[in-house]
Amino acid sequence: MKKFLVFFLAILALTFVACGKDKNLESYLDMEKIQSEFNIDEKDDEHIKFKDKDETRSAYRIFNFQKMKSVDFKNPKKIDKLEEFYLGKNCDIIYKDESTIIVLVLVQDNSYAYNIQSFDDSKTELMMAVSIGSDKELSETELFNLLDEAKSFIK
């Protein structure tokens, strides 16, 4: 059940993303670290999706990184549009600022499903999404630690 929830979350996380066409995404990410710690599900020049090798973790994670078109990335309402989308799906917004949104998507059968979406322009116009399926409710601090982990993959 937890793997299904996280897969569903990963699909939701990519709903508003459009690909960019400049430099190869791998040049911005620590691929050695990713490949040593995670299973890569999908990969091309603009998108990479990888997940925990240990499928029995209490907080199972799927990471998505995707380059965006500049016009979409620079849209000042992108977080507001994500918030509107998630609220339309009856999700609870845990945190929101100008570049990040953290959402509790679903609570079912003592399982929690979260999405974290953040945008980073330190190297390129990059969208990061972390989808989490957990056996317990996660604190805001734990969710920010997962966002920090996602950011640690950027070189």
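Observations on the model:
- Contact order, relative form, for the range 20-155: 23 percent (alpha carbon pairs under 8 Å, 6 or more residues apart, mean separation divided by residue count).
- Residue ranking by accessible heavy-atom surface, 1.4 Å probe, largest first, among K51, K74, K81, K151 comes out as K74, K81, K151, K51.
- Virtual spin-label span in nm between D44 and E149, 7 Å along Cα→Cβ: 2.8 nm
- Compared with the direct C-alpha span, the chain from Q35 to D97 gains 19.2 nm at full extension, assuming 0.36 nm per residue.
- At most 15 other Cβ within 10 Å, DSSP loop - GluC sites (Glu not before Pro), the range 40-78: E55
- Solvent-accessible area of S70, all protein chains in place: 50 Å² (probe radius 1.4 Å, heavy atoms, ligands and nucleic acids excluded).
- Solvent-accessible surface (1.4 angstrom probe) belonging to T141, in square angstrom, nearest 10: 90 Å²
- Members of K78/K151; K53/K81; K81/K136; K33/K53 lying beyond 21 Å, as alpha-carbon distances in this model show: K53/K81; K81/K136
The values are calculated or read from the model by the stated rules, or taken from the named source; none is laboratory data. What you see is a predicted model, and the numbers here were worked out from it, not measured in a lab. Every residue, glycine among them, receives a Cβ derived from its backbone with ideal geometry; neighbour counts consider all protein chains shown. Side chains included, ligands, DNA and RNA excluded: accessible areas come from the protein's heavy atoms. Shrake-Rupley method; radii C 1.70, N 1.55, O 1.52, S 1.80 Å.
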